[in-house]
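Novice: I'd like to ask some things about the structure below.
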Amino acid sequence: MGSINITIFGLIFIILLIFVYFSKKRIDILENRVYAILIIVSLISTIVEITSFIMVINGIDANALAYNLVMKLLFECFLIWLYAFTLYFVILTIKKKDKVNERFLYYSLGILIFFVLIISALPIDINNEGGILLPSGIGVNAIYVLCGLCIVCMIYLLFKNIKNLKLKKYWPLFIILIVFIFVVVIQKAFPSVLVINPALVFITFLMYFTIENPDIKMIEQLNIARDQAEKANAAKTDFLSNMSHEIRTPLNAIVGFSNLLLEDENVPDKAKDEVRDIVMASDNLLEIVNGILDISKIEANKLEIVNNEYSTKKILDELVSLCKGRLGEKPIEFKTNFDASLPPVLYGDASRIKQICVNILTNAIKYTKEGWIEFKISSVIKDNICRLIISVEDTGIGIKEKNIDRLFNKFERLDLEDNITIEGTGLGLAITKKLVDLMHGKIIVQSVFGKGSKFTVCLDQRIVKNPTIKVEAEKIVDEVKALNKKVLLVDDNKINLKVAERLLETYGIEVESVDSGFACLEKISEGKKYDLIMLDDMMPKMSGVETLKKLKAIPGFATKTIALTANALTGMREKYLQDGFDDYLAKPINKNELNKIINKYLNND
C-alpha cells in the first residue's frame, strides 16, 4: 500500500512540474525539447505503474495477458526515459553542439526503436513474493544491461568534457547521475523495493535546474548584443572621425585658396564668379559631412544638449545674415517678424537652436523658386520660462499630404524625380526632428502642395534675469590686422600649411611652419618665442594632444595654443579644451572664426 501512495504522490508532483514547465516561456533549443520528452514519459510511466497497482489490488492474475502487457509498457516507458536521459547528457556535455544534428537524432531514434522492439519481444516473468508481484527474466536483465551501458556512456562524457562544462551551470548533472546509479543499484539488489518510478520523477525534477532559464538566457543575449552594439558604435565613431578628417583636409585647401582668390584684386570678375561656385560647392559638401556626423551622434545617443546663456539678438542677426547670403540671386523676398517681447538673454543650447532654424530655413530656400519666405519668432512667457514659437513659411513647391509623415525620415527625399536638381541628402529635417525631441520641443508641418509650406517649432527656454554675457550682437569683422605678431603653425600636411600661411599672411602676421610635433618641441626648446601656436592634432608618431602635454612640461611655456584640426565631430571643441588647448578652430577654416581667434589672442579684443 505504501508503494502506491508514493507513486500517487509522484503523479501529483509530475503534474505540477509539467504545469510549471509548460506554462512559462521556454527557449526553443534541443535540450529543452528532450527535457519535455522526459517529463511526458515520466507522467505516462507513473500512470502505467498506478494502473498495475490497481490491477493487483483487484486480484488480476500475475500471468494474465493484460498485466503482462502493462508491465512491458512500463519497461518500454523506462527505456524511452533512459534514452532521453542519456541523450540529454550527450547534448549538454558535447563540445560542439552542431555535432548533435538531425542525422544523429534519427540514428539514435532508430536504435531506441530497435531496443524497444527487442524488450517487447523478450519474455518477462512475474513472481509473487509476499503479495508483491516482481518482474524478472531475460527482458528485465536486458533492461539492467542497457542501464549499465548508458551509465558508462554518461560517466565517460562527463569526465571527457569536464573542461568544457560550466560547473556552476551543470553541477546538478553530477548529482543526478549519482542518484540514478544509486537507484538502479538499490532496485537490482532489492527487487521488492519499488523505487524506480518515483526516482524517475525525482530525477526529472532535479534536471529542471539544468535547463536554460529564459530570463537568464535573454539577459545573456542582451548583454552580448549590447557589447556588440557598443563595439559597432565605437568603430563607427572612429570611422566617422577619420572620414571627417580625410574629407575636411582637402576641403580646407579648396575653401582656403578659393577665399584668397576672392580677395585678390588681380583675379578677373568672371573668374571670381567661378571661384564663388567652388566655395558654394565646398560648403554644400561640408554640410553633407556635418549632417552625417550629427545623425550618427544622435543615433549613438552621444549628442548632448549643452545649455548656456545666449543673446537672442545675436542669434537672430546671425541667422538673418546667413540666410540672406544663401538666397543668392533668387527672386525671393526674405521677411522677418520677431516678437519685440523676446527676452534679451535666454538659457539653452544656442548652437542647436541655430541648427534647427538653419535646417528649416535652408529647406525653404532650396524648395522656393520665387515669392517670399517669412522667418517669424514669437514668444509666450510664463513665470521664468519663455516658449519660443519659431515658424518658417514659404511660397515653395509644398509637400503632398501623403508625404508629410515621411518628411523626417533619414535620407528620404520626396518627389525625387521632380527635384533631382536640388542638392541635399535628406538628413536636415531628420536631424531637426531629433534635436527638437532632445530639447523636449515640438515641430508641426503644414503644407499645400504647389502653394507652399509652414514649419513651426515650439521650444521652452529659461529666461535669464541677471545675465553674465553681453547682449549686443556680435560683429562680423571683415578687416582684421595683427601686425608684428608671430605665429607657429604645426601640421603634417604641406597643403594645409600653405593654406594657413597664406591666410595668416593677409593679417600681416609673421608665420613660421613645422611639419611635426617633434619640430615644434625643438623650436620651443631652443627658446624661440611666438605670440600664438596653431597645432594640428591628427599627426603621425606624435599627436597634437601629446605635443601640447610635452610643451606644457617645458619650464616657462605660456604661449596660447589653438587646436587647428579637421576632427570636427560634435563635442570635439569641449574635448580639446579639456585636453589643455586654449581654443579650437575647425578645418576648413572659416574666415569669421579665424577673425575671432586673431582678435582674441593677438589683438587682445
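The values are calculated or read from the model by the stated rules, or taken from the named source; none is laboratory data. What you are looking at is a predicted structure, and each value in this text was computed from that prediction instead of being measured. With ideal geometry, Cβ positions are generated from the backbone for all residues, glycine too; neighbour counts draw on all protein chains shown.
Listed here are the residues, each with its yes/no results for (1) over 31 Å from the mean Cα position of the chain (by Cα); (2) at pLDDT 90 or above; (3) among the hydrophobic types (A, V, I, L, M, F, W, C); (4) not in a loop (DSSP other than H, G, I, E, B).
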{"residue": "ILE404", "(1), (2), (3), (4)": "no, no, yes, yes"}
{"residue": "ARG413", "(1), (2), (3), (4)": "no, no, no, no"}
{"residue": "THR421", "(1), (2), (3), (4)": "yes, no, no, no"}
{"residue": "GLY426", "(1), (2), (3), (4)": "no, no, no, no"}
{"residue": "LYS433", "(1), (2), (3), (4)": "no, no, no, yes"}
{"residue": "GLY450", "(1), (2), (3), (4)": "yes, no, no, no"}
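Novice: What is the residue count in the stretch 372-396 for residues that are part of a loop (DSSP other than H, G, I, E, B) and out of contact with any strand residue (DSSP E or B) (no Cβ under 8 Å at 6 or more places or on another chain)?
Specialist: 1
Novice: Continuing with this model, one more query. Scan the stretch 126-156 residue by residue and report those that are at pLDDT below 75 and under 20 Å from PHE202 (Cα atoms).
Specialist: Scanning the stretch 126-156 gives no hits.
Novice: Would you please name the residue that is surrounded by the fewest Cβ atoms within 10 Å (Cβ to Cβ), looking only at residues in the stretch 198-215 that are at pLDDT below 75 and assigned to a helix (DSSP H, G or I)?
Specialist: ASP215
Novice: Condition first: of a type in the set (Val, Ile, Thr), modelled with pLDDT of 75 or more and exposed (fewer than 13 other Cβ atoms within 10 Å of the Cβ). Now tell me which residues in the stretch 157-184 satisfy that.
Specialist: ILE178
Novice: For the stretch 22-42, what are the residues that are more than 19 Å from PHE85 (Cβ to Cβ) and among the hydrophobic types (A, V, I, L, M, F, W, C)?
Specialist: PHE22, ILE27
Novice: For the stretch 41-57, state whether one or more residues are within 41 Å of the chain's Cα centre (by Cα), more than 18 Å from PRO135 (Cβ to Cβ) and at pLDDT 80 or above.
Specialist: No, there is no match, as no residue in the stretch 41-57 is within 41 Å of the chain's Cα centre (by Cα), more than 18 Å from PRO135 (Cβ to Cβ) and at pLDDT 80 or above.
Novice: A further question follows. Across the stretch 358-371, what is the number of residues that are assigned to a helix (DSSP H, G or I) and touching a residue at least 40 places away in the same chain (Cβ under 8 Å)?
Specialist: 8
Novice: Name the single residue that is farthest from LEU112 (Cα to Cα) among those in the stretch 22-39 being at pLDDT 80 or above, aliphatic (A, V, I, L, M) and surrounded by fewer than 18 Cβ atoms within 10 Å (Cβ to Cβ).
Specialist: Only one residue tops the list, namely ALA36.
Novice: Condition (residue is at pLDDT below 70, among the polar types (S, T, N, Q) and farther than 19 Å from LEU503 by Cα) applied to the stretch 279-291: is it met by at least one residue?
Specialist: Yes: the stretch 279-291 contains one or more residues that are at pLDDT below 70, among the polar types (S, T, N, Q) and farther than 19 Å from LEU503 by Cα.
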